[in-house]
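Okay, so here's the structure we're looking at.
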Amino acid sequence: MRAKTTLKGAASNQACAACKHQRKRCTPECALAPHFRPEHPKVFKNAHKLFGVRNILRILEQINPDHKTEAMQTLIYEANMRDQFPVHGCLSVICNLQYQIREAEEELYNVLTWLSFYKQHHEGQNVPTLSNGVDHGLLQPGNEALALFRQDFATTLPVSSCENPNVCINAFWL
């Protein structure tokens with residue numbers, strides 16, 4: 001809760017966005033006040049529309065106090081994404097990020113292929129052919145450069161095998 005100074009100099013309490021929406025007095029014990037500031041009523045409106053006040057309060061009661069802020073940021077983000085993208089919500093953002101990861105993996109593979117080509121050429125060895133689909137030893141188990149990119153996201157997200165974010169979203173809902 002924040003104190004607001006009136007024209008006469010007296011301080012009055014400004015209700016949080018949740019209490020304003022519910023048209024009730026905001027008390028110092030209000031569980032929603034730290035997360036829904038009075039100057040951002042749209043944030044509360046989005047969260048209320050998607051989750052409802054009762055469910056938000058239930059989540060706050062059940063979660064570890066150390067994780068409340070992070071949990072509320074997550075709920076607020078999901079609600080804002082659902083407001084921005086009503087059909088797919090966060091899924092479109094996730095698909096777009098996965099697409100960017102795959103593009104970066106391809107670029108890294110190409111760079112490592114060229115590095116291998118130039119290294120072998122420089123050492124005077126037989127020069128490998130740089131055709132697609134030929135493994136030049138860059139993706140071998142001992143190569144630590146690609147350890148980060150070998151993680152398989154298919155176990156966590158059902159849309160990881162999509163090549164295009166738009167196709168990814170449609171494939172998920174089919």
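Laboratory data are not the source of any read-out in this text; all were calculated from the coordinates shown. Predicted model, so just to flag it, every value in this text is computed and none were measured. Glycine gets a Cβ as well: all are built from the backbone with ideal geometry, and neighbour counts include every protein chain shown.
Here are the numbers for this structure:
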{"read-out": "Dimensions (Å) - the range 64-117, Cα atoms, principal axes, largest first", "value": "53, 31, 10"}
{"read-out": "Gain in span if fully extended, residue 83 to residue 20, counting 0.36 nm per residue against the direct Cα distance", "value": "20.7 nm"}
{"read-out": "For peptides 15-23, 51-59, sequence by mean Cβ density within 10 Å, most packed first", "value": "15-23, 51-59"}
